[in-house]
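Shown next, in structure tokens, is the structure this report addresses.
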Amino acid sequence: MSFLGSELPLIQAPMAGFQGAALAIAVCKAGGLGSLPCAMLTIEAMRKELSAIRAATARPYNVNFFTHTPPAADAKREAAWRAALTPYYREYGIDPNKIPAGPGRAPFTAEAAEVLEEFKPAVVSFHFGLPSPSLLERIRAWGAKILSSATTVDEAIWLEAHGVDAVIAQGAEAGGHRGIFLNDDLSTQPGTFALLPQVARAVKVPVIAAGGIADAKGAAAAMALGAAAIQVGTAYLLCPEATTSAVHRAALKSEAARTTVLTNVFTGRPARGIVNRVIRELGPVCPAAPEFPLATSAIAPLRAKAEAQGSGDFSPLWSGQNATGCREVPAGEITRALAQGLSR
Ligand SMILES: Cc1cc2nc3c(=O)[nH]c(=O)nc-3n(C[C@H](O)[C@H](O)[C@H](O)COP(=O)(O)O)c2cc1C
């Protein structure tokens, strides 16, 4: 039994927008800690997914939230962003005046805490820091372990001082959003194998390695460098239980997956994804992109139209720097393969 309560010291990384209960259940059944990402779920959807997990397995699981402060709308920046996208709206015949509010990303709230109180998950993890102390206390009340991502030694020390039970050391290789929260200088995030031993030395709580771990050898290397567990995201993206889109799956299987970059063009916050047309032409970092998560709405209709035509030109093709662990096999198989590198 690992310190996380799961048989294996292995967390399937929560991946908002790319998976629901099905992936979490499959990983739990294989002995890992499955995760349900909630950043893009309504309260009702969250309750439904949590009910599905509870119905399928009695094993421990992780529920994950973002903890950003929703920004005030900035009309000037929104106008600049829409101006940057206008040539594409024309190309795809999209009326910019008829763009609905896109799928946002919500932070952890008291309402979400209330739902969690019904389910009492064994582990709750956060990205972009931590919620308020009073919300954390509510989670602690049923004995859940609290985790959060650190992209620097300073963030790891901060998280420990604010009461986390374990730190997820997220290295630069990792796919998806940076967990960075103490500053916005992306050059401060080292690679996983530089960050991990330094974090392990700096904090007393267990350290979970994330970023670039694709197979048993990577898992073993992380454990050798001081990790108490690993968190793996990208390697699960081709599993049938993930909801990864067809264009995203095709990109992950192609040579394009060798070139990833940190970009803010999809959400307003830097995240690692496979380079595609909109990143090449507007990014990777576009100053006009509104603050997270407000950039999402204006680009969403382009993504929808392009995907309908089989193109990933406007899709967030999130991937870590090492997509070689992606295989079109059930998530249980990926979990068992990674477990070969973990000493129990
Ligand atoms: C498609 C995708 C979506 C992600 N979404 C989230 C998320 O919702 N919450 C979170 O805490 N981390 C998220 N991450 C980051 C992971 O927690 C983790 O840091 C990363 O997957 C580890 O690196 P790897 O992708 O190389 O395995 C996401 C990663 C990917 C690849």
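The values are calculated or read from the model by the stated rules, or taken from the named source; none is laboratory data. What you are looking at is a predicted structure, and each value in this text was computed from that prediction instead of being measured. Positions of Cβ are backbone-derived with ideal geometry, glycine not excepted, and every protein chain shown enters the neighbour counts. With ligands, DNA and RNA removed, areas are computed over all heavy atoms of the protein, side chains included. Shrake-Rupley method; radii C 1.70, N 1.55, O 1.52, S 1.80 Å.
A few comments on the model shown:
- Positive contributions from Lys and Arg (+1) and negative ones from Asp and Glu (-1), summed over other residues with Cβ under 11 Å from the Cβ of Pro60, come out at +2.
- Of the solvent-accessible surface of segment 146-280, computed with a 1.4 Å probe over protein heavy atoms with every protein chain present, carbon and sulfur atoms account for 54 percent.
- Charge sum, other residues only, whose C-beta stays under 14 Å from Asp184's C-beta, Lys/Arg counted +1 and Asp/Glu -1: -2
- In the elastic network of the chain, a GNM with C-alpha springs shorter than 10 Å, the most mobile of Ala144, Ala39, Ala58 is Ala58.
- Kirkwood radius, segment 210-273, all distinct C-alpha pairs, inverse of mean reciprocal distance: 13.6 Å.
- Pairwise FRET efficiency - Thr188 versus Glu114, Cβ, R0 = 45 Å, nearest 0.05: 0.80
- Distance histogram in 5 Å bins (all Cα pairs of segment 124-187, percent per bin): 4, 18, 31, 23, 14, 7, 3, 0
- Normalised by 2.2 N^0.38 Å, where N counts its residues, the alpha-carbon radius of gyration of the chain equals 0.94.
- Gain in span if fully extended, Ala80 to Gln309, counting 0.36 nm per residue against the direct Cα distance: 79.7 nm
- The packing ranking of peptides 260-273, 239-252, 119-132, highest mean first, is 260-273, 119-132, 239-252, where packing means the average number of other beta carbon atoms within 10 angstrom of each residue.
- Stokes-Einstein D in µm²/s, Kirkwood radius over Cα pairs - segment 54-182 at 37 °C with 0.692 mPa s viscosity: 190 µm²/s
- Mean ellipticity per residue at 222 nm, deg cm²/dmol - from DSSP H runs of n ≥ 4 across the chain, formula -39500 (n - 2.57): -11000 deg cm²/dmol
- Residues of segment 283-313 with an amide N closer than 20 Å to a point placed 7 Å from the Cα of Asp95 along the Cα-to-Cβ direction: 297-306.
- Available extension along the chain between His162 and Ser254 is 28.9 nm, counting 0.36 nm per residue and deducting the alpha carbon span.
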